[in-house]
Amino acid sequence: MKEELDIVDAHDDLIGSADRSEVHKKGRLHRVVQVMIFNADGKLFVQQRASSKDMYPNYLEGSLSGHVKSGESYKEAAERELHEELGVCVTPKHLKEVIEFGLKEGNERVLAKLYVLKDFKGDIQIDRDEVKSGSFWTKKKLETELKGKKLFHPVFIKALEELRSMKENTIEFVKL
């Protein structure tokens, strides 16, 4: 299925659009979202991507990442991805934008925005076409696994690095 993505410059200004596969093949700068879901105990939902994913299959990430489709806002993409991958429906006020950052990893060149959903109390119903498995992890488990041999999605790793470099009150907000 074709997925049209906006191509942007370093200032996030639209300069064109192309099919997702072409964007990746040619290493064009495009938009993505990263969403982290924290439950009331401060645990982060971490998913393992499906083995059928064309990029980073079986990698771990928390809680999801996704492309911003052509003409879509970052926040709309975050809400859509939450619903599609994890069966989570939220109102825009519950989804907090925390940071934005850029990343270049091989042919993956993205501008990303991180959103956080805090004190989540609902059920997560994963889409098996997108997600292999998932569960809520403590900060200690996350730190242990990050030091291990498991593979983590580079957008998630970069989001964690950016969060850790922020002011203390933001880190406390997300409990990382």
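Only the coordinates and a few stated rules stand behind these numbers; no lab work does. Keep in mind that this is a model prediction, so the values were computed, not measured. When we count neighbours, we look across all protein chains shown, and the Cβ atoms used for this are built from the backbone with ideal geometry, even at glycine.
Below, the figures for the structure above:
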item: Built amide H within the under 5 Å cut-off of Leu29, gap 5+; result: Val8
item: Value of relative contact order over region 4-174, rounded to a whole percent, pairs C-alpha under 8 Å and six or more apart; result: 28 percent
item: Amide H contacts of Lys53 (H built 1.01 Å from N, under 5 Å, at least 5 apart or other chain); result: Asn58
item: Under the Karplus curve 6.51 cos²θ - 1.76 cosθ + 1.60, θ = phi - 60°, whole-Hz ³J(HN,Hα) for region 4-17, x wherever Gly or Pro sits; result: 7, 10, 6, 9, 10, 9, 5, 9, 6, 8, 5, 10, x, 8
item: Over the chain: helical MRE at 222 nm, DSSP H runs n ≥ 4 each giving -39500 (n - 2.57), nearest 500; result: -7500 deg cm²/dmol
item: Formal net charge of residues neighbouring Glu97 (Cβ-Cβ distance under 11 Å; K, R +1; D, E -1); result: +2
item: Under Karplus coefficients 6.51, -1.76 and 1.60, residue-wise ³J(HN,Hα) of region 76-91 in Hz, glycine/proline x; result: 4, 5, 4, 5, 4, 5, 4, 5, 5, 7, 10, x, 9, 10, 9, 8
item: HN-Hα J in Hz across region 125-139 - Karplus 6.51, -1.76, 1.60, θ = phi - 60°, x for Gly and Pro; result: 10, 6, 8, 5, 6, 10, 10, 7, 6, x, 6, 7, 10, 6, 4
item: Out-of-range pairs (alpha-carbon distance over 20 Å; input Lys75/Lys113; Lys69/Lys113; Lys26/Lys104; Lys104/Lys139; Lys121/Lys149); result: Lys104/Lys139; Lys121/Lys149
